[in-house]
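The values are calculated or read from the model by the stated rules, or taken from the named source; none is laboratory data. These numbers were taken from a predicted model, which means no experiment stands behind them. With ideal geometry, Cβ positions are generated from the backbone for all residues, glycine too; neighbour counts draw on all protein chains shown. SASA here: full protein model, heavy atoms, side chains in, ligands and nucleic acids out. Shrake-Rupley method; radii C 1.70, N 1.55, O 1.52, S 1.80 Å.
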Amino acid sequence: MDTDADPGGLIGSIPGAYSPIGPTAYDGTAFRSGRLPFGPGFPGLGYPGPGFPGPGCRCADGPGDTEVMKLNRPVSWFLLAFGVWSWFIWITFVKNLWQDGSGLAFDDAGDPTGYFWVHLTLAVASFLLGTAVGVIGFRSVRALRRERSEQHLTP
């Protein structure tokens, strides 16, 4: 590999980092400049046009990827339903775990076992993640309703 081709030393010795068709995704210059390797030599990736600022750009004079993300209505409702479902499932699971009489969750002295703590941790983590997903869905449904009501009010 030509070591002069990577003056910044970001690539190191990665086999196949350069190919006959031009720099690949491992090309350090593309990453240092903040641009992805689009254009000639990269078939199938498309060409966004000259002056493409690249991912993460907050430039006022060009496109960037910092636009507000909008979820469509079915996805929003699915996320909200998933959050509600998580509340029912994981609260029921913890109640059943707490009332376990099989000897798995509590030993003979009535102290919690490792099984209890592992499953309680999993249930709490899943409950919190489900709640976060549900909140995202709720906020999206609310934003879509607000947007639709504003469209009906605007002549």
Checklist outcome for this item: Taking first residues from the stretch 129-155 that are open to solvent by 50 Å² or more (accessible area, probe 1.4 Å) and second residues anywhere that are in a helix (DSSP H, G or I) and not acidic (Asp, Glu), the pairs with Cβ under 7 Å that are 6 or more apart or on different chains are VAL135/GLY83; ILE136/LEU79; PHE138/LEU80
Item to check | Selection from the stretch 116-126 of residues that are open to solvent by 50 Å² or more (accessible area, probe 1.4 Å) and either of a type in the set (Val, Ile, Thr) or touching a Phe, Trp or Tyr at 6+ places or on another chain (Cβ under 7 Å) (or both) | outcome: VAL118, THR121, VAL124
Checklist entry - Which residues, taken from the stretch 66-115, are open to solvent by less than 50 Å² (accessible area, probe 1.4 Å), within 30 Å of ALA143 (Cα to Cα) and assigned to a helix (DSSP H, G or I)? => result SER76, LEU79, LEU80, GLY83, SER86
